Protein chains: 2
Amino acid sequence: MSGIRVGGYLKKRKKLIDSALNLYLPKESEYPQVINKAMRYSVFPGGKRIRPILLLASCEACGGDAKEALPAACAIEIIHTYSLIHDDLPAMDNDDYRRGKLTSHKKFGEAIAVLTGDALLTYGIELLTYGDKPKLHLDAIKDVLNAIGTYGMIGGQVVDINRQREVDLPTLTYINAHKTGALIASSCKVGGIIAGASKRRLNALERYGEYIGFTFQIIDDILDKDGFALAFGIGGARREAVRLIEKAKEELDIFGKKSSALRGLADYILNRKK
Amino acid sequence: MSGIRVGGYLKKRKKLIDSALNLYLPKESEYPQVINKAMRYSVFPGGKRIRPILLLASCEACGGDAKEALPAACAIEIIHTYSLIHDDLPAMDNDDYRRGKLTSHKKFGEAIAVLTGDALLTYGIELLTYGDKPKLHLDAIKDVLNAIGTYGMIGGQVVDINRQREVDLPTLTYINAHKTGALIASSCKVGGIIAGASKRRLNALERYGEYIGFTFQIIDDILDKDGFALAFGIGGARREAVRLIEKAKEELDIFGKKSSALRGLADYILNRKK
């Protein structure tokens, strides 16, 4: 998939995911309205929806139907949104703005922001139960919970808030692999799980996800002149990103032609400009 | 079960649940230690463990094995603990003490307290996946998520933090049914789900749970001279509690002798003194 074609693909997929999110989230008119309003406020318009897009593409790479994976894709985006709301809280990063608009606690107050994060986490996992293959859905739930718990995202966040300004490379790697990487890797793997993929394919998707998750963070650091860009220099960080994306693509060989979207997404992550 | 026998039963069951909680929760020595320490700090020594005890007794009333229901019982207690930590936060009830010791945010700081609540919620749901009956576990997860989400506990909490000092009875009833009642009712129903109980029995357990959950709150209000005790007077509130416990016990008729523990627990909830 070329750069131009990836652009159209991403736009179409974002539209698909946004309309599913709109369908699945409780209506603003439902009682008590403020929590439903606050959930939707943070989910929309949202970012690039890269995690659910990866989930759908991974499902298709395994011969699955993207429509069947839509609830799980929305689940991942909703869970990602929960983590952003809690990260932004005054006790954490204390951010007033996110994606050009007021953060949840600035808009609704801190109590509602905490509860909105809680509600999105709860609701996200509920979406992972949607479907008629209990064993697969339970596998998906296990994988996501492991990725976002103390062995994953929360673990990374704990180390991040306690880190010194001058952080060593192993700690930086731990933070990135857990805080950002784990949910991205899980997005890819869960796409495969919903498609009923073999253990071998699930492992390949997980490693692909780990490589691109790491690259995602390196590119962030290059754009922000932070973290890995400080440790390796811009040139060194860039070379590492290129190397990781090659490794990611190698994992896709066993999927043949069906993995062209995942290849395009790997290139997109390497070349993105915010 | 007489009052004296209920006392011994509760003590034994608390011991069983505490040792399972100790087994299931991540060790304090695991990295990053602070979050594991904070999770255990709030879970132990804990309260009376009434929710997991109800879950195990409901499982047994349906002919199930309490051992098989232990992970689910621990899940409910862990999820209950998450809700207490977030409720105690400065932005919410701003409590410095809970059960005679410092609240999580007073002990570990607000950032870790938010993350500890998040981690307990995540980990609690993970425990609901433990076992080898995917369909039943998925049903249990669905029921618990519904009980703790915006249609349940979080909904009740949202209305509670936004309520006026002079609250009307329908609002008070909504808050209690959702904030406290939903998780208690779900504890009972999930015990039946794990036992593979029929729809008819699950409905009976849920209604039993709703009646005793409501009673639980009325007794709290009588002891605290709050809520229903203000609206009905102590005598009126007490009469309502007695009526609800009778209704709860009527639901147990279809279970025969196996429901003696649930009957004892209903009386215990009516007669407790804090």
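The values are calculated or read from the model by the stated rules, or taken from the named source; none is laboratory data. All values derive from a computational prediction rather than experimental measurement. As a convention, Cβ positions derive from the backbone with ideal geometry for all residues, glycine included, and neighbour counts pool all protein chains shown.
If only one of A:73, A:177, A:91, A:140 is part of a helix (DSSP H, G or I) and either within 10 Å of chain B (Cβ to nearest Cβ) or more than 21 Å from residue B:119 (Cβ to Cβ) (or both), which one is it?
A:73
Applying the selection to the stretch B:106-115, what residues are touching a residue at least 24 places away in the same chain (Cβ under 8 Å) and at the interface with chain A (Cβ under 9 Å from one of its Cβ atoms)?
Across the stretch B:106-115, the qualifying residues are B:112, B:113, B:114, B:115.
Kindly list, by first and then second residue, each pair from a residue in the stretch B:29-53 that is of a type in the set (Lys, Arg) to a residue that is in a loop (DSSP other than H, G, I, E, B) and modelled with pLDDT of 95 or more, limited to pairs with Cβ atoms under 7 Å and residues at least 6 apart or on different chains.
B:37/B:28; B:40/B:25; B:40/B:28
Is it the case that the stretch A:234-244 has a residue that's within 14 Å of chain B (Cβ to nearest Cβ), of a type in the set (Gly, Ala, Ser), more than 19 Å from residue A:58 (Cβ to Cβ) and in a helix (DSSP H, G or I)?
no
So, residue A:4, is that one modelled with pLDDT under 95 and part of a helix (DSSP H, G or I) or not?
The answer is yes for residue A:4.
Any idea how many residues of the stretch A:152-173 are modelled with pLDDT of 95 or more and part of a helix (DSSP H, G or I)?
Looking only at that region, the number is 7.
Here is a check on your reading of the model: is residue B:45 farther than 30 Å from residue B:196 by Cα and surrounded by 17 or more Cβ atoms within 10 Å (Cβ to Cβ)?
no
Consider the stretch A:122-137. How many of its residues are in contact with a His (Cβ under 9 Å, 6 or more places away or on another chain) and either within 14 Å of residue A:42 (Cα to Cα) or within 7 Å of chain B (Cβ to nearest Cβ) (or both)?
3
Tell me, which residue of the stretch B:5-40 that is hydroxyl-bearing (Ser, Thr, Tyr) and within 14 Å of another protein chain (Cβ to nearest Cβ) is surrounded by the most Cβ atoms within 10 Å (Cβ to Cβ)?
Filtering first and then ranking leaves B:24.
Does at least one position in the stretch B:236-254 carry a residue that is under 15 Å from residue B:192 (Cβ atoms), touching a Lys or Arg at 6+ places or on another chain (Cβ under 7 Å) and of a type outside the set (A, V, I, L, M)?
Within the stretch B:236-254, one or more residues are under 15 Å from residue B:192 (Cβ atoms), touching a Lys or Arg at 6+ places or on another chain (Cβ under 7 Å) and of a type outside the set (A, V, I, L, M).
Can you work out which of the residues in the stretch B:48-65 that are surrounded by fewer than 18 Cβ atoms within 10 Å (Cβ to Cβ) and of a type outside the set (Asp, Glu) is farthest from the other protein chains (Cβ to nearest Cβ)?
Going through the qualifying residues, I end up with B:48.
Scan the stretch A:201-233 residue by residue and report those that are touching a Lys or Arg at 6+ places or on another chain (Cβ under 7 Å), more than 26 Å from residue A:63 (Cα to Cα) and either buried (at least 16 other Cβ atoms within 10 Å of the Cβ) or at pLDDT 95 or above (or both).
Matches in the stretch A:201-233: A:219, A:222.
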